[in-house]
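Read the structure below first, then the notes.
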Amino acid sequence: MEFVKDLISIRDLEKKHIDLILKKSFEMEQALKENKKLSSLGGKVVATLFFEPSTRTRLSFQSAAMRLGAKVLSFENVGASSIVKGETFSDTIRMVDGYSDLIVVRHANEGSARYAAQLADHPVINGGDGGNQHPTQTLLDLYTIKRAKKRIEGLNVTLLGDLKHARTMRSLMHGLGMYGANITLIAPKGLEMSREVIEEVKDRFGAKVEEKSKMEFSGASVLYLCRIQKERFSDQYEAEKVQKEFRITADTIKGVKDDLIIMHPLPKVDEVAPEVDQSKYAYYYEQARMGIPVRMAIMDSMVV
Amino acid sequence: MPLVVEKIENGTVIDHIPAGLGLKVLEILKIDRTYGARVALMMNVPSKKIGKKDIVKVEGKQLDEKAVNRIALVAPNATLNIIRKANVVEKKVVQLPKELLGVSKCPNPQCITNLEPIVTIFRMENSKSSKYRCGFCEMAFEANELLL
């Protein structure tokens, strides 16, 4: 089965596309475990253009490309590229399109990856476009859940944190809705998930979405956290208060389901107490590791 | 006493514009003081359908699809009367199109279309609503929110 030509938004994907990636990610994970030498991107060049800082996404894409036999082109930071001379985004994309066979792009402006895909002949993968989409993160989140719980459908998944600004959460809502998970949203006042996103997921997939304002997740099988973005608050005292109230500690996870997994897209700052990292519930480091097989599966599925 | 406005010979009459938006329609049609032919703008005319309305009459102006789509964004129930030799030869109600190509700027300042020379595209969310989603930044807007 064919995957999409460019991976720009989770909205562009049908369930069959995601199923393909979930299946192939498992195969990639097995191949990595067995130290198999893979070469589906042998002789190809993958360009990773990160106009914005990134650690996990950039490094995992580069590692995944190399593990498939590709060579990687990259600029370490925007300051060392022609962008400082005023080169436009479109010129950079056109130029890199001539140097590579696949482009991974992260840029601060929303819609930039879609535009890059319009300009480039080669496939483009969105590594995050402003506050809009981060589809490869969503695919790795869905894979992590499926791998840990064997299913997504009917699973109680709680999303907690700054649901207003986190692009990860918006894309994930879409993926969870598509697979029929029961979604619970917990957010501080003013940082709730946008009404438009909730309505869209309900309309398109008939998803069950519940909103709560208290830290209550006794029925959850998956607790997905994201950072409270303190820089969004004008009053730092208020930010600290909210951060404390929504922090995950040994106390807040008392009474949770025995098989709960706690996920986080990372980087985490202080929204999770260090003792939770040591608990059996912490699954975020495992989740981060899934970045490699999932991104391998994505690149392997694209026509390069 | 009813307001009497001279008939136009050839051109377009745009009726049922929501009151106060007639000037916006003139702006969409790019009609300013340099336009040589006859133009009439009637504001706050009583209307059975919408209470109060504006009407625009423009001599010598044929509207292309882009202009009609732009008018639909501010006046989704407007009627266009095409005039030839002082007679109405065609009457049509504007409709919000399913797709707006290069018609409007994206209201999201962070959208790449506001930084690079890109032809914008907005697609109607569904036939029940008048919401459009930007084909680039994926944000949804009400038709009247789209900047013209």
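Brief remarks follow.
- Condition check for B:Ala67: at pLDDT below 95 and under 15 Å from the mean Cα position of the chain (by Cα): yes
- Which numbered condition A:Leu260 fails, given (1) touching a residue at least 60 places away in the same chain (Cβ under 8 Å); (2) under 24 Å from A:Lys150 (Cβ atoms): (1)
- Apart from one condition, A:Asp129 fits all of (1) more than 13 Å from chain B (Cβ to nearest Cβ); (2) in contact with a Ser or Thr (Cβ under 6 Å, 6 or more places away or on another chain); (3) not polar (S, T, N, Q); the exception is (1).
- One residue stands out among those in the stretch A:66-89 that are farther than 27 Å from A:Val294 by Cα and in a helix (DSSP H, G or I): the one that is modelled with the lowest pLDDT, which is A:Ala80.
- Criterion violated by B:Ser127 - all others in (1) away from chain A (no Cβ under 14 Å); (2) over 30 Å from A:Asn109 (Cβ atoms); (3) hydroxyl-bearing (Ser, Thr, Tyr) satisfied: (1)
- Flag for A:Ala117 being without any contact (Cβ under 8 Å) to a residue 60 or more places away in the chain, of a type in the set (A, V, I, L, M, F, W, C) and within 11 Å of another protein chain (Cβ to nearest Cβ): no
- Exactly one residue out of B:Val88, B:Val58, B:Val45 is at pLDDT 90 or above and under 17 Å from the mean Cα position of the chain (by Cα): that is B:Val58.
- Counting residues in the stretch A:218-235 that are touching a Ser or Thr at 6+ places or on another chain (Cβ under 6 Å), hydrophobic (A, V, I, L, M, F, W, C) and over 17 Å from A:Thr144 (Cα atoms) gives zero.
- Any chance B:Lys128 is assigned to a strand (DSSP E or B) and either charged (D, E, K, R) or not assigned by TED's automatic domain parsing to the domain that holds B:Thr79 (or both): no
- Residue check for A:Lys37: under 16 Å from A:Ala297 (Cα atoms) and out of contact with any Cys (no Cβ under 9 Å at 6 or more places or on another chain): yes
Here is a yes/no grid of residues against (1) in contact with a helix residue (DSSP H, G or I) (Cβ under 6 Å, 6 or more places away or on another chain); (2) at pLDDT 90 or above; (3) under 19 Å from B:Gln95 (Cα atoms):
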{"position": "B:Val5", "(1), (2), (3)": "no, no, no"}
{"position": "B:Asn10", "(1), (2), (3)": "no, yes, no"}
{"position": "B:Ile17", "(1), (2), (3)": "yes, yes, yes"}
{"position": "B:Gly22", "(1), (2), (3)": "no, yes, yes"}
{"position": "B:Leu26", "(1), (2), (3)": "no, yes, yes"}
{"position": "B:Leu41", "(1), (2), (3)": "yes, yes, no"}
{"position": "B:Lys53", "(1), (2), (3)": "no, yes, yes"}
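- B:Arg133 fulfils the conditions (1) surrounded by fewer than 16 Cβ atoms within 10 Å (Cβ to Cβ); (2) closer than 26 Å to A:Glu199 by Cα; (3) at the interface with chain A (Cβ under 10 Å from one of its Cβ atoms) except for a single criterion, (1).
Listed here are the residues, each with its yes/no results for (1) within 12 Å of chain B (Cβ to nearest Cβ); (2) assigned to a helix (DSSP H, G or I); (3) buried (at least 20 other Cβ atoms within 10 Å of the Cβ).
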residue: A:Thr92; (1), (2), (3): yes, yes, yes
residue: A:Gly98; (1), (2), (3): no, yes, no
residue: A:Ala113; (1), (2), (3): yes, yes, yes
residue: A:Ile125; (1), (2), (3): no, no, yes
residue: A:Gln137; (1), (2), (3): no, yes, yes
residue: A:Lys164; (1), (2), (3): no, no, no
residue: A:Leu172; (1), (2), (3): no, yes, yes
residue: A:Pro188; (1), (2), (3): no, no, yes
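For every residue, the table says whether it meets (1) under 27 Å from A:Asp129 (Cα atoms); (2) without any contact (Cβ under 8 Å) to a residue 60 or more places away in the chain; (3) not charged (D, E, K, R).
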position	(1), (2), (3)
B:Ala86	no, no, yes
B:Glu99	yes, yes, no
B:Lys105	yes, yes, no
B:Gln110	yes, yes, yes
B:Asn126	yes, yes, yes
B:Tyr132	yes, yes, yes
B:Ala140	yes, yes, yes
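- Of the helices (runs of 4 or more DSSP H) lying entirely inside the stretch A:204-304, those carrying at least 3 residues that are at negative phi and modelled with pLDDT of 90 or more are A:274-277, A:284-289, A:291-301.
- Test: residue in the stretch B:18-25 that is among the aliphatic types (A, V, I, L, M) and farther than 17 Å from B:Ala75 by Cα: no
- Qualifying residue in the stretch A:207-229 (condition: over 22 Å from A:Met178 (Cβ atoms) and free of Cβ contacts under 8 Å to residues at least 24 places away in the same chain): no
- Within the stretch B:136-145, the set of residues being within 10 Å of chain A (Cβ to nearest Cβ) and not in a strand (DSSP E or B) comprises B:Phe136, B:Cys137, B:Glu138, B:Met139.
The values are calculated or read from the model by the stated rules, or taken from the named source; none is laboratory data. On a predicted model such as this, the values are computed, not experimentally measured, just so you know. Ideal geometry is used to build each Cβ from the backbone, glycine not excepted, and the neighbour counts take in all protein chains shown.
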